[in-house]
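Data block below; observations after.
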Amino acid sequence: MRPSLYLLKRQNGRSEYSVKTEVQVVVVDRDKAGCYPLNFVCILPQTATSLGKPSNIFSKVFGVSSLEVARKLLNRALKKEKDDDIRKELTKRLRALKN
């Protein structure tokens, strides 16, 4: 398995004054297929406590090293990403995993 992150950014809101940018962080397997959603594995949990839950799909797939894998994926994505909103979300998730 070659895990990677697929980042989705979308605008939510009913008017121009209530628009909120939402970033979804998805784990994909680049060995499975070449494009999303065929290579979908799971959604990346937002906090370290979520990673430790046995019901969490990410934890089931990556086991005891799930926290380390999550940090590695986030750091790799942060180095490549140019969009400010996505960089903020990645940084926020990295900080949450350190706590």
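The values are calculated or read from the model by the stated rules, or taken from the named source; none is laboratory data. All of these numbers come straight from a predicted model, not from anything done at the bench. Cβ coordinates were reconstructed from backbone atoms using ideal geometry, including for glycine residues, and neighbour counts include every protein chain displayed.
Data table
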| read-out | value |
| --- | --- |
| Which numbered condition Gln11 misses (of (1) part of a strand (DSSP E or B); (2) of a type outside the set (Ser, Thr, Tyr); (3) over 17 Å from Leu90 (Cβ atoms); (4) under 17 Å from the mean Cα position of the chain (by Cα)) | (4) |
| The range 1-22 residues that are in contact (Cβ under 8 Å) with a residue 60 or more places away in the chain, paired with ones that are of a type in the set (Gly, Ala, Ser) and surrounded by 15 or more Cβ atoms within 10 Å (Cβ to Cβ) (beta carbon under 7 Å, 6 or more apart) | Leu5/Ala77; Leu7/Ala77 |
| Check on Pro45, free of Cβ contacts under 8 Å to residues at least 40 places away in the same chain, exposed (fewer than 12 other Cβ atoms within 10 Å of the Cβ) and either under 13 Å from the mean Cα position of the chain (by Cα) or closer than 17 Å to Pro3 by Cα (or both) | no |
| Candidate set: the range 36-52, residues that are of a type in the set (Val, Ile, Thr) and part of a strand (DSSP E or B); chosen: the one nearest to Ala77 (Cα to Cα) | Ile43 |
| Flag if Glu22 is surrounded by fewer than 12 Cβ atoms within 10 Å (Cβ to Cβ) and not small (Gly, Ala, Ser) | no |
| Every residue from the range 25-84 that is touching an Asp or Glu at 6+ places or on another chain (Cβ under 6 Å) and among the aliphatic types (A, V, I, L, M) | Val41 |
| Residues located in the range 42-57, provided they are at pLDDT 70 or above, of a type in the set (A, V, I, L, M, F, W, C) and in contact with a helix residue (DSSP H, G or I) (Cβ under 6 Å, 6 or more places away or on another chain) | Cys42, Ala48 |
| Selected residue [in a loop (DSSP other than H, G, I, E, B) and not hydroxyl-bearing (Ser, Thr, Tyr)] from Ala96, Ala33, Ala70, Ala77 | Ala33 |
